[in-house]
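One structure below.
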Amino acid sequence: MTRILWISILLFVIIFMVASCKTQKGLKQDIGEADLKNSKDSVQENHFDLSDSLLEGEQGDASQKQTPGKGDAKSRTSAVADSSLKNYKYSWTDSENIPPVIIIVDDFGYATGSLLQSFANLPKEVAFAILPDLAHTQAAAQAAQNSGRDVLIHCPMEATISKTSPGKRYLKPGQDGETVRDMLDSFYAQMPMAIGLNNHMGSTATQNKDLMQTVLEHLRTKGLLFVDSVTIGNTAGYRLAQSVGMRPIKRDLFLDVPDNSDATIAARISDLGRFRGRVEPVIIITHCHNNAKLVALQKFLTQIQDMGVRLTSLSGWYGSGGVALGN
Ligand SMILES: [Zn+2]
């Protein structure tokens, strides 16, 4: 009887152990799947967060001031995504002042006659970004120099989705270093008064680290600034600048997106409030395509002047970089 009892207890223990083992294994599998699921989710989230944060960064790095934790998390995400891309940080103070504003007008090279002259009559702090290889490239460079303003080489670069080509010649991933440097030199030769370069289009090109590294290193040797137009959130341009020993400079706002209406101007004026306390200027890009854009820019300039916001120039803030104007 005692023997039967012992066998029963032994069997019970064995059954219990097997059952327990199975449960643990099942639990582990569940945890494993959950981990996998979580990691998949987090990868997706990170992807989303990365592109989202970078796109947000286009318009609103000012959000980092209000929510530093959020900003830190985003910086970490960027770092995880690619540790070679140095984080980009602005300096903030407790001031309620809106920082100075820098205006860059893109796409000169097409404009001529009275339209070009009207843009040349804008305050001299407003920079002209001039496309190379166009009929009125020289006229725009001359008009800019005559009016004592900064010139940027508006460098055509390959875009992801665009029906129009960036230009007759443009930078794109896969080009060897010599091709890239020769093209940059050729563009620079067309406007030797340029103090730097910003990208025209370039949603594909600026994402390519190898290409941007070559571009930035060459600009550095020439003493030229690089201003990232940020035509895509995932641009490597301004993030790589620091790692090659250059100042990272990037566009904060587009003035003429989505249109040239008073509502859009009012929205951009309102956007300026998000930069209160930032030390670095707010960099705003618009275009010289037509008179409506000129009028919108004039209205914007009048409004910021009324607000007491200072207009400054790229060379005034970041140094001339290249050949000094007027020399
Ligand atoms: Zn452009």
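The values are calculated or read from the model by the stated rules, or taken from the named source; none is laboratory data. In this text, all values refer to a predicted model and were calculated from it rather than measured experimentally. Every residue, glycine among them, receives a Cβ derived from its backbone with ideal geometry; neighbour counts consider all protein chains shown.
Out of all the residues in segment 202-231, which are away from the ligand (no atom under 16 Å from the Cβ), under 11 Å from the mean Cα position of the chain (by Cα) and among the aliphatic types (A, V, I, L, M)?
none
State all residues of segment 98-114 that are within 16 Å of the ligand (Cβ to nearest atom) and in contact (Cβ under 8 Å) with a residue 60 or more places away in the chain; if no residue qualifies, say none.
At the first step, the residues of segment 98-114 found to be within 16 Å of the ligand (Cβ to nearest atom) are 103-111.
Scanning segment 98-114 gives I103, I104, V105, D106, D107, F108, Y110, A111.
Quick one: is A189 more than 15 Å from the ligand (Cβ to nearest atom), of a type in the set (G, A, S) and modelled with pLDDT of 95 or more?
Numbers: more than 15 Å from the ligand (Cβ to nearest atom): yes; of a type in the set (G, A, S): yes; modelled with pLDDT of 95 or more: yes.
For A189, the condition - more than 15 Å from the ligand (Cβ to nearest atom), of a type in the set (G, A, S) and modelled with pLDDT of 95 or more - is met.
Would you check if S229 is under 22 Å from T286 (Cβ atoms), of a type outside the set (A, V, I, L, M) and modelled with pLDDT under 95?
Numbers: under 22 Å from T286 (Cβ atoms): yes; of a type outside the set (A, V, I, L, M): yes; modelled with pLDDT under 95: no.
Answer is no for this residue.
Those residues that are on the phi > 0 side of the Ramachandran plot and not in a strand (DSSP E or B), I need them from segment 178-208; list them, please.
Within segment 178-208, just G202 meets the criteria.
Confirm whether D133 is modelled with pLDDT of 95 or more, within 15 Å of the ligand (Cβ to nearest atom), at positive phi and not in a strand (DSSP E or B). Lay out the reasoning, then the answer.
Values: modelled with pLDDT of 95 or more: yes; within 15 Å of the ligand (Cβ to nearest atom): yes; at positive phi: yes; not in a strand (DSSP E or B): yes.
Taking the combined requirement at face value, the residue satisfies it.
Condition first: in a helix (DSSP H, G or I) and either at pLDDT below 95 or surrounded by 14 or more Cβ atoms within 10 Å (Cβ to Cβ) (or both). Now tell me which residues in segment 254-266 satisfy that.
The answer is T264, I265.
Residues that are under 26 Å from Y110 (Cα atoms), over 22 Å from the mean Cα position of the chain (by Cα) and not in a helix (DSSP H, G or I): does segment 300-315 have at least one?
No: segment 300-315 contains no residue that is under 26 Å from Y110 (Cα atoms), over 22 Å from the mean Cα position of the chain (by Cα) and not in a helix (DSSP H, G or I).
Could you please tell me which pairs satisfy a Cβ distance under 6 Å, a separation of 6+ or placement on different chains, a first residue in segment 198-217 that is assigned by TED's automatic domain parsing to the domain that holds T160, and a second residue that is among the basic types (K, R) and within 16 Å of the ligand (Cβ to nearest atom)?
Qualifying pairs under 6 Å: A205/K172.
Would segment 150-166 turn up any residue that is basic (K, R) and within 16 Å of the ligand (Cβ to nearest atom)?
From segment 150-166, those basic (K, R) are 163; that's our starting set.
This time we only want the ones that are within 16 Å of the ligand (Cβ to nearest atom), so: 163.
So far as segment 150-166 goes, yes, one or more of its residues are basic (K, R) and within 16 Å of the ligand (Cβ to nearest atom).
Scan segment 280-295 for residues that are within 12 Å of the ligand (Cβ to nearest atom) and among the polar types (S, T, N, Q) and jot them down.
Going residue by residue through segment 280-295, those that are within 12 Å of the ligand (Cβ to nearest atom) are 285-289.
The answer is T286, and nothing else.
Check segment 170-182 and report whether any residue there is more than 15 Å from L131 (Cα to Cα) and within 16 Å of the ligand (Cβ to nearest atom).
Applying the first criterion (more than 15 Å from L131 (Cα to Cα)) to segment 170-182 yields 172-182.
Of the ones still in play, those that are also within 16 Å of the ligand (Cβ to nearest atom) are 172.
Taking every residue of segment 170-182 in turn, at least one turns out to be more than 15 Å from L131 (Cα to Cα) and within 16 Å of the ligand (Cβ to nearest atom).
Just to check your reading of the model, which residue among N199, N146 is polar (S, T, N, Q) and more than 16 Å from the ligand (Cβ to nearest atom)? If you could, list the steps in order and put the result at the bottom.
Values: N199 fails: more than 16 Å from the ligand (Cβ to nearest atom).
Of the residues listed, the single one that is polar (S, T, N, Q) and more than 16 Å from the ligand (Cβ to nearest atom) is N146.
When you scan segment 253-270, do you find a residue that is among the acidic types (D, E), more than 21 Å from A120 (Cα to Cα) and touching a strand residue (DSSP E or B) at 6+ places or on another chain (Cβ under 9 Å), even just one? Before the answer, list the steps.
Of segment 253-270, the ones among the acidic types (D, E) are 256, 259, 262.
Applying the additional criterion that residues be more than 21 Å from A120 (Cα to Cα) yields 259, 262.
Next cut, touching a strand residue (DSSP E or B) at 6+ places or on another chain (Cβ under 9 Å) only: none.
Within segment 253-270, none of the residues are among the acidic types (D, E), more than 21 Å from A120 (Cα to Cα) and touching a strand residue (DSSP E or B) at 6+ places or on another chain (Cβ under 9 Å).
What number of residues within segment 213-253 satisfy the criterion of being closer than 19 Å to S186 by Cβ and part of a helix (DSSP H, G or I)?
Within segment 213-253, residues that are closer than 19 Å to S186 by Cβ and part of a helix (DSSP H, G or I) number 9.
Which ones in segment 232-262 are among the β-branched types (V, I, T) and more than 16 Å from the chain's Cα centre (by Cα)? Give the derivation first.
Step one: filter segment 232-262 for residues among the β-branched types (V, I, T), giving 232, 235, 244, 249, 257.
Answer for segment 232-262, where residues must be among the β-branched types (V, I, T) and more than 16 Å from the chain's Cα centre (by Cα): just V244.
Looking at segment 145-155, can you tell me whether even one residue there is buried (at least 21 other Cβ atoms within 10 Å of the Cβ), among the acidic types (D, E), over 30 Å from K209 (Cα atoms) and out of contact with any His (no Cβ under 7 Å at 6 or more places or on another chain)? Give the derivation first.
Just the residues of segment 145-155 that are buried (at least 21 other Cβ atoms within 10 Å of the Cβ), to begin with: 149-155.
Still in the running and among the acidic types (D, E): 150.
Now drop any that are not over 30 Å from K209 (Cα atoms), which leaves none.
Taking every residue of segment 145-155 in turn, none turns out to be buried (at least 21 other Cβ atoms within 10 Å of the Cβ), among the acidic types (D, E), over 30 Å from K209 (Cα atoms) and out of contact with any His (no Cβ under 7 Å at 6 or more places or on another chain).
Only one residue in A236, A194, A205 is within 20 Å of G167 (Cα to Cα), crowded, with 17+ Cβ neighbours inside 10 Å and touching a Lys or Arg at 6+ places or on another chain (Cβ under 6 Å). Which one?
Details: A236 fails: within 20 Å of G167 (Cα to Cα); A194 fails: touching a Lys or Arg at 6+ places or on another chain (Cβ under 6 Å).
Sole residue among the options that is within 20 Å of G167 (Cα to Cα), crowded, with 17+ Cβ neighbours inside 10 Å and touching a Lys or Arg at 6+ places or on another chain (Cβ under 6 Å): A205.
Restricted to segment 294-313, and to residues that are more than 18 Å from D252 (Cα to Cα) and charged (D, E, K, R), which residue is surrounded by the fewest Cβ atoms within 10 Å (Cβ to Cβ)?
Out of the qualifying residues, it is D306.
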